[in-house]
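These notes concern the structure reproduced below.
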Amino acid sequence: MNLDNQTCVVTGSSRGIGRGIAKDLGAHGANVVVNYRSSDAEARAVVEDIRENGGNAIAAQADVAKLDEVRAMREKVADEFGPTDVLVNNAGITIDKKFENMTREDWETVIDVNLGGVFNGTKAFYDDIRDAEHGRLINISSVVGQQGNIGQANYATTKSGLFGFTRTLALELAHTGSTANCVAPGFVKTDMLEEVPERVQEKILREIPLDRFARVEDIAGIVRFVASEESSYMTGQVLGVNGGMEW
């Protein structure tokens, strides 16, 4: 699954799953664009790590909720690497509250980033993905979008919305040979999971047949496969990488 000379943009990749995806793609030959909104130092640390391991990467600031900033990022990428081959829509946020306590602002803020950001990223890079020899649109969803989760009505809605978006883009891109797929991780050992109370983590763990949380590397390896030429006959799919959880 060599990605030599493929330009890969990973939104929200200064930390967490996005950071692992960016580093993995860089380790396998890709030119990686590490996107971030405000974590400049963390993003540059990811770039440095990729370069130290023989890869090629740049940091690119853009708030994915703002289309003009994402379009400006696309121009920066084009100037540095040329057209983009792979877009990984990974950026996302949570504002967790039970629905009875959730405000319209809580709802709209998560929608704007998690769904609006995917629209903006795809809109800005669509022509590149469509015209690439092996164009890949990869949307990062979640098992929460498949199962629902108490206190995450806004987040679950955005993550399930990606399924319909991905399927539609897969159909619209099919005649070009480019693909669109969705990776839906289960619960992954990241800073976000660390914020979950231990008793809740234990409850979640009992629902995972493989009896462990995912490592970031578990998700990054799947994304690398989807980004590669080897996945060329797979499109419109939701890949549940969740340790066997039912949905």
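The values are calculated or read from the model by the stated rules, or taken from the named source; none is laboratory data. As the structure is a prediction and not an experimental result, all values here were calculated from the model. Glycine also receives a Cβ, built like all others from the backbone with ideal geometry; neighbour counts cover every protein chain displayed. For the accessible areas, the whole protein counts, side chains as well, though only heavy atoms, and no ligand, DNA or RNA atoms are used. Shrake-Rupley method; radii C 1.70, N 1.55, O 1.52, S 1.80 Å.
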With a ≥ b ≥ c from the Cα gyration tensor eigenvalues, square-rooted, and the rule rounded for a/c under 1.5, otherwise prolate when a/b > b/c and oblate otherwise, the range 1-146 is prolate
How far is helix 16-27 tilted off the main Cα axis of the chain, in degrees rounded to 10, range 0 to 90?
30 degrees
Full-extension gain between E229 and E133, please, as 0.36 nm times their residue separation minus the C-alpha to C-alpha distance.
33.6 nm
Ignoring ligands, DNA and RNA, please state the percent of accessible area on the range 119-241 from carbon and sulfur, probe 1.4 Å.
51 percent
Report L115's accessible area, 1.4 Å probe, all protein chains in place, as a number in Å² to the nearest 10.
50 Å²
Compute the helix-to-body angle for 40-52: its Cα long axis versus the longest principal axis of the chain, expressed 0 to 90° and rounded to tens.
60 degrees
Carbon and sulfur atoms account, in whole percent of the 1.4 Å probe accessible area of the range 57-102, for 45 percent
In degrees rounded to 10, the 0-90 angle between helix 116-131 Cα long axis and the longest Cα principal axis of the chain is 30 degrees
Area of L171 that stays accessible when all protein chains are in place (1.4 Å probe, Å², to 10):
110 Å²
Lysine pairs in the chain with alpha-carbon atoms under 21 Å apart, 8 or more places apart or on different chains: how many are there?
13
Tensor-based shape of the chain (alpha-carbon gyration tensor, a/c under 1.5 rounded, otherwise prolate or oblate):
rounded
Would you grab the residues whose amide H sits under 5 Å from the one on V64? Only those 5+ places off in sequence or on another chain, please, with H modelled 1.01 Å from N.
none
Pair K203, Q147: separation of 7 Å Cα→Cβ label points (nm)
1.1 nm
Between A184 and residues 5 or more places away or on another chain, the pairs with built amide H atoms under 5 Å apart involve S141, L239, G240, V241
Taking Lys and Arg as +1 and Asp and Glu as -1, residues besides T176 with C-beta under 14 Å from its C-beta add up to -4
